[in-house]
Amino acid sequence: SMELRAALSHVERAFGNWLIDNHVQYIAVDEQKRASLGRSNIKSFDYLLYPHSQRVIIAEVKGRKFKGDSLVGLTGFECWVTTDDIEGLANWQNIFGLSHTAAFVFAYRIENIDVDFDGRDFYDFDSGRYVFFAVKLDDYRKFMTTRSPKWRTVTLPADKFRQYAVQLQNLLL
């Protein structure tokens, strides 16, 4: 739907601005670059992120809403993805090799005005407030469970999300 697309592009713009504000080098993979990658049978990813200290991150960004009022205990975070997302990232991780790590970046738009961030970083962008968490593909695959066979979606159990989700800042900066 148009409304969903607008919300997603807002998340993507917020994420792109966060990268710029935090001086993270990146390449955004747009449709043209996807075509030139020449492996069009593999689902593409969104960004290559170049942290200061470590391996390049192959990032798939997932925009989600957070409707809770506290980040204490990290509950209420939807972190589902499709099996296509999993297979695509796994393929790219194999293609790029050991110098790269694949990860999902969950970009949560905070719905409530008054939220206890429990000391975590948030990001204000264009009247929206966001938190960004990353889960490495290898961790995700190890613990994912089926969410909907019909829609071919998987998710992480809440305790595994708490264990393996890191704030993007901690992964990149």
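The values are calculated or read from the model by the stated rules, or taken from the named source; none is laboratory data. Values in this document were obtained by computation on a predicted structure and should not be read as measured data. Note that each Cβ is placed from the backbone with ideal geometry, even for glycine, and that neighbours are counted across all protein chains shown. These area figures cover heavy atoms from the full protein model, side chains too; ligands, DNA and RNA do not enter into them. Shrake-Rupley method; radii C 1.70, N 1.55, O 1.52, S 1.80 Å.
For an R0 of 22 angstrom, estimate the FRET efficiency from the Cβ-Cβ distance between GLU78 and ASP114 and round to the nearest 0.05. Numbers along the way, then the final one.
Details: r = 21 Å, r/R0 = 0.94.
So the FRET efficiency works out to roughly 0.60.
In debye, nearest 20: dipole of the chain around its Cα centre with unit charges on the Cβ of K, R (+) and D, E (-)? Intermediate values should be presented prior to the final figure.
Values: 22 positive and 22 negative charges, 132 e Å.
Magnitude of the dipole: close to 640 debye.
Classify segment 123-173 as rounded, prolate or oblate from the Cα gyration tensor: take a ≥ b ≥ c as the square roots of its eigenvalues, call it rounded if a/c is under 1.5, otherwise prolate when a/b beats b/c and oblate if not.
Working: a/c = 2.81, a/b = 1.56, b/c = 1.81.
Taking the square roots of the gyration eigenvalues as a ≥ b ≥ c, segment 123-173 is oblate.
Too long at a 20 Å Cα-Cα cut-off: which of LYS62/LYS160; LYS67/LYS142; LYS136/LYS160; LYS43/LYS136? Present the calculation step by step, with values, prior to reporting the outcome.
On the way: LYS62/LYS160 18 Å; LYS67/LYS142 27 Å; LYS136/LYS160 12 Å; LYS43/LYS136 17 Å.
Where the Cα-Cα span goes over 20 Å, the pairs concerned are LYS67/LYS142.
Can you give me the accessible area per residue for the chain, using a 1.4 Å probe, in Å²?
Working: 9390 Å² over 173 residues.
About 54 Å² of surface per residue is accessible.
With a 1.4 Å probe and all protein chains kept in place, how do LYS43, LYS150 rank by accessible area, largest first?
LYS150, LYS43
Along the Cα→Cβ direction, 7 angstrom out, place labels at SER148 and ILE20. What is the inter-label distance in nm?
According to this spin-label approximation, the distance is 3.4 nm.
When the solvent-accessible surface of protein heavy atoms is calculated with a 1.4 angstrom probe, in what order do TYR140, TYR164 fall, highest first?
Numbers: TYR140 0, TYR164 55 Å².
Sorted by accessible area, descending: TYR164, TYR140.
Using a 1.4 Å probe on the protein chains only, how many percent of the accessible area of segment 57-129 belongs to carbon and sulfur? Don't skip to the answer; put the middle values down first.
Working: 1560 of 3330 Å².
Accessible surface attributable to carbon and sulfur in segment 57-129 totals 47 percent.
Give me the one-decimal nm value for the distance between modelled label points at ASP69 and LEU98, 7 Å along each residue's Cα-to-Cβ direction.
5.1 nm
With r defined as the distance between the Cβ atoms of ALA28 and ASP138 and R0 fixed at 35 Å, what FRET efficiency is calculated, to the nearest 0.05?
Values: r = 24 Å, r/R0 = 0.67.
So, using R0 = 35 Å, E works out to roughly 0.90.
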